[in-house]
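Before any comments, here is the structure.
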Amino acid sequence: MTTTPADARPTAAAPPAPSLIRTLPGRAYTDPDVFRREQQALFERLWFCAVRSADLGRPGAFRTVRVGRESVLITRNRTGRLRAFLNVCRHRGAQLCTEESGEVRRNLQCPYHAWTYDLDGRLVAAPNLQRMPDLDRTERGLVTVPLREWLGYAWVCLADEPPSFEDTVIGAAVERLGDAAALDRYRTETLALGRRLSYDVRANWKLIVENFMECYHCATIHPELTDVIPEFADGLAAQYYVGHGAEFAAEAQGFTVDGSAGFGRLPGIDDSQDRRYYAVTVRPQVFLNLVPDHVILHRMFPLAADRTLVECDWLYLPEVVDAGADVAKSVELFHRVNVQDFDACERTQPAMASRAYRDGGVLVPSEHHIGGFHAWWAAQLADGDG
Ligand code: FES
Ligand code: FE
C-alpha cells in the first residue's frame, strides 16, 4: 500500500499543482486576421455587454456602441423599454446616428434623405413616400438586435440564433463565482453610478483578460491592493478557486486606497461575504468585482488587435451617490489597479510580435485557469469557422 504524505494531498483550499501549460502564440495577439475571426466568432456571436441601462434614462435617449464590426444603436422607446438596432438606414445605408450618445424628441431621422424611424425601429415617414407605392414600409424598418438586461446593463447579441442568456451569461458567471459569492445579494441592478472612467489601452483584449484572471503580478505591481488584501501578494487571484472571497487585511477598514473606511455594506451582504473581495470574468468582455459596499464593473470594447477601450463603472447604493458622498478613496484604489494593469498589458503587447514569443510563453501553476480561457477561446473560434 502506498500512502500520500499529508502535505502532498490536494485539499479543498489548494488544487493540485498542474504542470506548466503553454500560452497562446504571439500572433494570437497581433494578427488582424485572428482579430477578424474573433469579431465573427465571439463579439458578433455571443452576448455582449453594451451599455448601462440607466445611461438611457428617458425615452428617446440613445447610445451607439461598437459590437464586433457593427455599430449598434440602443435607445429607450415610448413605453420605457430598451431597444437595439443595427445603426444602418434601410434606404441607402447611411449611419443613422453618428454621435456616441444623444437624445431625440420623438423619432430617429437619417441625416442623408430624412427617412424617419420611430423608437421601435418602424419606418414612419420618408420624403415623397406617396410617390413610392411599391415601398413596403413594414419591410424597411431598422434591423432589430436582441437585447437582455442583467445587473443593470443592456446586453446585445448579433447572432442569428443567440445562445441561451441564462446558460452562457448568468449561469456561467454564477458557476465561476460559486454560491459563496451569491451574486444576487449585491443587487447590482439597484446600484447607482458613482464614477465612470474610460481607458484607451494599446493592448489586445486577451492580454487584459489574462491579466485580470491572475494575481501572480500583484506583489510586483499592486502595492495598494496587496496592502488591503495581503493574500494577493502570494500570487493567487480570487478567480483561482471557485467562490473564493479574498479576505481584507485585519487593519483595513474598507476597500479604499489607504484602507480607510468605505461605506456601509450593501443590504444583502451577510457576515460570510463581509470584508471579502470576489471577482469573475463574464466572457467575453466583462469583469465583475464585488466588495461589501460597492461593485466595480469593467466593459471592454476591442477595437483592433492591439487596441481595447475599457469602460469601468464604480457602483454604490443610490443613497450614497444621491448624498454626494466622497467616493474618491474607493475609486482611487481600483483606478490605480487599472492603470498598473493596463501599463503591464501595454508593455507586453509589442513583445507579442517578437520572435522570442513566436511559440508563446508558459502559464505557471497560479495561472493555470488561464489555460481554461485559452481552451474556451480556441473552441469558440473553431465553432465560428465551422
Ligand atoms: Fe438614410 Fe437615405 S440613406 S435616408
Ligand atoms: Fe492586476
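In table form, for the structure just shown:
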| quantity | calculated |
| --- | --- |
| Local electrostatic count at Gly262 - Lys and Arg +1, Asp and Glu -1, tallied over other residues with Cβ under 15 Å | -4 |
| Test item: Cα-centred dipole of the chain, Lys/Arg +1 and Asp/Glu -1 on Cβ, debye | 1580 debye |
| Loop sites in region 222-280: chymotrypsin sites (Phe, Trp or Tyr not before Pro), DSSP, at most 11 other Cβ within 10 Å | none |
| Relative contact order %, the chain, counting alpha carbon pairs below 8 Å whose residues are six or more apart | 21 percent |
| C-alpha long axis of helix 328-348 to longest principal axis of the chain, angle in ° | 90 degrees |
| 14 Å beta-carbon shell around Asp33, net charge (K/R +1, D/E -1) | 0 |
| Karplus (6.51, -1.76, 1.60) ³J(HN,Hα), θ = phi - 60°, over region 369-378, in Hz, Gly and Pro reported as x | 5, 5, x, x, 5, 5, 5, 4, 4, 5 |
| Global geometry of the chain, whether rounded, prolate or oblate, following the gyration tensor of its Cα atoms and the 1.5 cut on a/c | prolate |
| Region 246-366 - Rg over Rh from alpha carbon coordinates, Kirkwood radius | 1.05 |
| Loop-resident sites, region 293-386, for GluC sites (Glu not before Pro), counting at most 12 other Cβ within 10 Å (DSSP) | none |
| J(HN,Hα) series, region 195-203, from Karplus relation 6.51 cos²θ - 1.76 cosθ + 1.60, nearest Hz, glycine and proline x | 7, 10, 10, 10, 10, 9, 9, 7, 7 |
| Three-way shape label, region 191-325, alpha-carbon gyration tensor, a/c 1.5 | oblate |
| 222 nm mean residue ellipticity, helices alone, for the chain (DSSP H n ≥ 4; -39,500 (n - 2.57); rounded to 500) | -5500 deg cm²/dmol |
| Most mobile listed residue (Leu317, Leu135, Leu207) in the chain, GNM with C-alpha springs under 10 Å | Leu135 |
| Region 162-227: projected area of the alpha-carbon convex hull, averaged over directions, in nm² | 7.4 nm² |
| Prolate/oblate/rounded label for region 42-183 (Cα gyration tensor, a/c 1.5) | prolate |
| Estimated vicinal HN-Hα couplings, Hz - region 297-302 in sequence order (Karplus 6.51, -1.76, 1.60; Gly, Pro = x) | 10, 9, 10, 9, 10, x |
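Values quoted throughout were computed directly from the atomic coordinates according to the rules given, and no laboratory measurement underlies them. Values in this document were obtained by computation on a predicted structure and should not be read as measured data. Counting neighbours? That spans all protein chains shown, and the Cβs are built from the backbone with ideal geometry, glycine included.
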